[in-house]
Amino acid sequence: MPDVGATILAPFQPWLSFNANFSFMTRINLLSQRLANQIAAGEVVERPASVIKELLENSLDADATRLEIEIEQGGIKLLKVKDNGVGIHKQDLQLALSRHATSKITDLEDLENIQSLGFRGEALASISSVSRLEMISRAADEEAGNGWKVAVEGQDMQASVSPAAHGQGTTVEVRDLFFNTPARKKFLKTEKTEFGRIDEIVKRIALSRFDVQFSLQHNQRSIHKLLAANTDQEKQRRVGLVCGPAFVENSVFVEMEGPGLKLWGWVSLPTFSRSQADLQYFYVNGRIIRDKLVAHAVKQAYRDVLFHGRHPAYVLYLELSPAAVDVNVHPTKHEVRFRDSRLVHDFLFSSLHKALASVTPSDQFLSHADGQHKPSMGFGIEPDDSNVNYLHQQSSLSLVESAHQGYVGNPRAYRPDAAAIQQQMAAFAKLTADDVDVPPLGYAIAQLHRIYILAQNKEGLIIVDMHAAHERITYERMKTACQNEELKMQPLLVPLSIAVSQSEADCAESQQQVLLSIGIELERAAAESIIVRQVPSILRNANIEQLVRDVLSDVLEYGSSDRIQAHQDELLSTMACHGSVRANRQLTIPEMNALLRDMETTERSGQCNHGRPTWVYQSLDELDKLFLRGQ
Ligand code: ADP
Ligand code: MG
């Protein structure tokens, strides 16, 4: 039998000896300048990329219009930024390297209305405490050639200043990062990884300032050269250079204004989704941020159109009064706090939702026509996507599943009347004539394997997945019908009592009206308990307790909840899927044309309810290329 006492005690022994040998009760010392700065550096200077971020922000704050970045060995050996900004006066050079020294704010009022990227006055002090830093600068009002160089030495970080030639502006060179803090150096990854992070920072900043020219070199090789972009076309070009041409080709430009708010930028079409959330740039007043509230609003806007588990891509700019947003909530300033977070959330959601809903086939062709976009809607999903299945999982002969017909009426079976058929046929016959208006998705010419509709418009060939297309149309109709009819509520046979936290109960009580508007009637029963009396009838079979909990946590966090809508949409989507034209059914030409016309007028008709494309397009040019015509 083992000795129980010994086995229980054994794990504690290292602790005992540790405590016995270590005492915190020594005398108090003042930390050296350098050590104090090194401790502060822990927050700001994590790796070479964080140094580049601080240096670039300083240059932009100094009104530079040209930035040259040179990196060696992933930034571990050298990080150099040269700018043509206002420069630093000789008298200020030493100060610039000390902690809590900044030219950007002077009092608390400034802190509440920050317009510069930096303001904490600790980046240069921190960086120079963990590297060999040299800064050469010439202020705008000093004579040409009369620059000054500053470097720091020793524990108390004495800065020495000497003359050095320099054009107007500042060059900062950071060598041997973490040479004196080996524990931190150990955490650096390979040269390639560290450079990748630097490149990402440069991209983020390049997208924040179209008016500034950027160049980036790694180990003497040129990586980016971005000229200043002033016109819309030049800006779009920069977005293409930074995010890749496929993003620009498969995105729409949005521009919306709300009360004191403006949103503009590029959002990917739902059919161009990514397996990771890696192409998402969001700027608030020119500062890139990663924010839960923003992410939630965007996700919600894409909810209905994105393939499950996929991520949208976007480059978006939110502009609002600096006083309406607090940037001083995190040392690296990646997070912000909006004064009116609900307003921002709702504005983002509704702007993007609207933009995505209104992408119709004719918009697609319009944007193609200006030469900006390559006409290849639907080919945007990257090849990494073995899980995206373009074919139908099921096929059955039934046109309409009768079980669901009662709900919003018979999903339309594409049997237009005789007059409509006549009309379509006449238009189809004239298709080859030059002067007729051909609708964006053209006219049907055939059906392929009873799955795809082949149609021709003025520019080329359109292939439609007929089940996917009809599914979206049915779904959108059901949603409209459902909204118009208002949310029908149904009393629960036995009211449901749910134990919640005090703050959730408070929220349930104060937001009763909001909850009622989404079909949930409840009341507070006690300090930590609520009673649910009615729910939307369409959701009566859902897990009500879970649903109400989720809704409450949404309302607590974002001021609103779209869960009911999401649940309801999910249900309608399933119903639409079953109630739509199945693959494997022969359609007549007029039936196919009717489907095409419906697609042109239906919101979000470019994707089925699961986010798969409903149609793709091949221009005559592209077809010619396939056959090597004219080459
Ligand atoms: P912060 O940016 O928060 O003010 P830093 O430590 O990054 O703090 O910089 C300290 C000061 O040095 C800045 O406030 C600015 O006055 C000056 N400075 C730093 N970099 C530059 C630059 N590239 N051009 C002009 N001034 C600079
Ligand atoms: Mg700074």
**Heavy-atom accessible surface of the stretch 229-359: percent carbon and sulfur, 1.4 Å** = 52 percent
**Three semi-axes of the equivalent ellipsoid, the stretch 465-549, Cα gyration tensor, whole Å, largest first** = 32, 12, 12
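With a 10 Å radius around each residue's Cβ, average the other Cβ atoms per peptide and rank 187-195, 281-289, highest first. Mind showing how you got there, number by number?
Working: 187-195: 14.7, 281-289: 18.6.
Highest-to-lowest ranking by the protection proxy: 281-289, 187-195.
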**Request:** Please figure out what share of the DSSP beta bridges in the stretch 229-359 is antiparallel and state it in percent, rounded to the nearest 5.
**Result:** 80 percent
**Prompt:** P(r) tail for the stretch 34-224, what percent of Cα pairs lie past 26 Å?
**Reply:** 28 percent
**Request:** Could you order peptides 444-452, 73-81 by the average number of other Cβ atoms within 10 Å of their residues, highest first?
**Result:** 73-81, 444-452
**Fill in**
For residue 522, other-chain or 5+-apart residues with amide H closer than 5 Å (H placed, Pro excluded) are 533
**Complete:** Two pseudo-spin positions, 7 Å from Cα along C-beta at residue 180 and at residue 623, lie apart in nanometres by 7.1 nm
**Complete:** accessible surface per residue for the stretch 34-224, probe 1.4 Å, DNA/RNA/ligands not counted, whole Å² -> 46 Å²
**Item:** residue 119 - accessible surface, heavy atoms, 1.4 Å probe, Å² rounded to 10
**Value:** 10 Å²
**Prompt:** In whole angstrom, how long is each semi-axis of the equivalent ellipsoid of the stretch 229-359, when you take the square root of 5 times every eigenvalue of its Cα gyration tensor and sort them from largest down?
**Reply:** 22, 17, 15
**Message:** I'd like to check one number: the per residue accessible area of the stretch 229-359, probe 1.4 Å, reported in Å² as a whole number.
**Reply:** 41 Å²
**Complete:** With all protein chains present, the stretch 34-224 has a carbon and sulfur share of its accessible area (1.4 Å probe) in percent of 47 percent
**Request:** Taking a cut-off of 16 Å between Cα atoms, list the aspartates and glutamates near residue 189, but don't count ones fewer than 8 places away on the same chain.
**Result:** 46, 72, 176, 199, 200
**Straight-distance crosslink candidates among lysines, where the alpha carbon sits under 16 Å from residue 299 and sequence neighbours closer than 8 are dropped** = 354
**Item:** Candidate lysines - alpha carbon under 20 Å from residue 625, same-chain residues fewer than 8 apart omitted
**Value:** 374, 458
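The values are calculated or read from the model by the stated rules, or taken from the named source; none is laboratory data. Bear in mind the structure is a predicted one, so any value in this text is a computation, not a measurement. Counting neighbours? That spans all protein chains shown, and the Cβs are built from the backbone with ideal geometry, glycine included. Surface areas here come from the heavy atoms of the whole protein model, side chains and all, with no ligands, DNA or RNA. Shrake-Rupley method; radii C 1.70, N 1.55, O 1.52, S 1.80 Å.
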